[in-house]
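In what follows, a single structure is set out as structure tokens and then discussed.
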Amino acid sequence: MERAEAGEINSNECENESRKKKMSEEFEANIMDSLVDMPFATVDIQDDCRITDEPQINLKRSQENEWIKSDQVKKRKKKQKDYQPNYFLSIPITNKEIIKGIKMVQNAIIQQDERLAKAMVSDGSFHITLLVMQLLNEDEVNIGIDALLELKPFIEELLQGKHLTLPFQGIGTFGNQVGFVKLAEGDHINSLLEIAETANRTFQEKGILAGDSRSFKPHLTFMKLSKSPWLRKNGVKKIDPDLYEKFISHRFGEEILYRIDLCSMLKKKQSNGYYHCESSIVIGEKNGGEPDDAELVRLSKRLVENAVLKAVQQYLEETQNKNKPGEGSSVKTEAADRNGNDNENNRK
């Protein structure tokens, strides 16, 4: 077997190196072509996705990325752990028929067990919770208000000028701890679910922690044992179904969706018992334009103010007329002249 000469070995090695380099360049070009079709093709691929001859730099970058991801996951977990909702979107219940029916249920339960009076929700607080969220400062409250305002055109487009009527029928509980009036089955539930999902998405897109792990189930709470820890200490650990048995299929009435409020769970309630409200959106007109309670109060105040203003103006006009040296003075002069003449005639 003949031994290859040194010149031939060097020539073969050069050809092999040239072939390897060419294959490497073709491989890199193929990768670049495939990356261009990806959604992030607008990024400078040559800088960010290039195959490099410096694996140590890639390793360092990879470690840094892992640290960043790990830090982000930790922050997200901490945020979720600290998540305590303190605000909510509320649909207020204002139909007097519904409120009257709920008061009947509450009174019937209290007559059977007086201790449960402490678990009852006041009638001014009746509402449907659409979404819960955490707003930690004034800036986040303002962001929440903006998100609420963005919901209005979506809801009006969804309803297409029609009213969303919410019929209530029957009683239910959550784990025998919370008593609520049920929302009757129907297409209105799908509309309400769509509104709730859009609200959740709108708030989260603005960086607000919103929603909870439970699926959305619209309901009207009228009692909850957690309102009074004293109850559990005294042996009341659940709501007995027998207490509300005769109302199990009761029709409470219908509420028309006309307003959604951004309310605080913690701030002092209003004088009428309803929650502190940061902002509201009005959907269409309530009952064909019938004014709500707040509008009636404003109207009454305006009427009183107008009446007072009119009385004051009348008083000022009368006072000014008395002080004028016109008719009042001439009348007094004529009266004095008559008195003088009479006295003179009497002396004659």
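The values are calculated or read from the model by the stated rules, or taken from the named source; none is laboratory data. Here the structure is a predicted model, which means the values were calculated and not measured. Here the Cβ is made from the backbone with ideal geometry for all residues, glycine too, and neighbour counts use every protein chain on show. Ligands, DNA and RNA are stripped out before the accessible areas are found, and what is left, the full protein with its side chains, is counted by its heavy atoms. Shrake-Rupley method; radii C 1.70, N 1.55, O 1.52, S 1.80 Å.
Length gained on full extension, SER279 to GLU318: 9.4 nm, using 0.36 nm per residue less the C-alpha separation.
The GluC sites (Glu not before Pro) of region 170-224 that DSSP puts in a loop, and whose beta carbon has at most 15 other beta carbons within 10 Å, are GLU185. Per residue, the average separation of C-alpha pairs within less than 8 Å and at least 6 apart gives region 136-273 a relative contact order of 35 percent.
The largest accessible area among ARG201, ARG251, ARG259, ARG115 belongs to the first residue in ARG251, ARG201, ARG115, ARG259, and the rest follow in falling order (1.4 Å probe, all chains). For region 158-172, the residues whose backbone nitrogen is under 17 Å from a point 7 Å from the Cα of ASP187, taken along Cα to Cβ, are 158-167.
So if R0 is 41 Å, what FRET efficiency would ASP146 and SER122 give, r being the distance between their Cβ atoms, rounded to the nearest 0.05? The calculated FRET efficiency here is 0.85. Treating r as the C-beta distance of THR173 and GLN84 and R0 as 22 Å, the FRET efficiency rounds to 0.35.
Ordered by 1.4 Å accessible area with all protein chains kept, CYS277, CYS263 run largest first as CYS277, CYS263.
Output the pairs from LYS162/LYS246; LYS118/LYS162; LYS217/LYS238; LYS233/LYS267; LYS162/LYS237; LYS162/LYS238 with a Cα-Cα distance over 32 Å in this structure; if there are none, say none. Table pairs above 32 Å Cα-Cα are LYS162/LYS246; LYS118/LYS162; LYS162/LYS237; LYS162/LYS238. Considering only protein heavy atoms, what is the solvent-accessible area of HIS163 at a probe of 1.4 Å, reported in Å² to the nearest 10? About 100 Å², rounded to the nearest 10.
Calculate, in nm to one decimal, what ASN234 and ALA307 gain on full extension: separation in residues at 0.36 nm each, minus their alpha carbon distance. List each step's numbers first, then the result.
Details: separation 73, 0.36 × 73 = 26.28 nm, distance 5.59 nm.
The ASN234-ALA307 span can extend by a further 20.7 nm.
The distance from the alpha carbon centre of region 193-254 to that of region 102-152 is 9 Å, rounded to a whole number. Normalised by the number of residues in region 77-141, the mean separation of alpha-carbon contacts (under 8 Å, six or more apart) gives a relative contact order of 56 percent.
When all protein chains stay in place and ligands, DNA and RNA are ignored, the 1.4 Å accessible-area order of THR319, THR202, largest first, is THR319, THR202. Of the accessible area of region 167-248, computed with a 1.4 Å probe over protein heavy atoms only, carbon and sulfur atoms account for 45 percent. Extension gain, GLN111 to LEU158: 0.36 nm times the residue separation minus the Cα-Cα distance gives 12.5 nm.
Label points 7 Å out from Cα along the Cβ direction at MET104 and LEU266: separation in nm? With each label point 7 Å from Cα toward Cβ, the separation is 4.0 nm.
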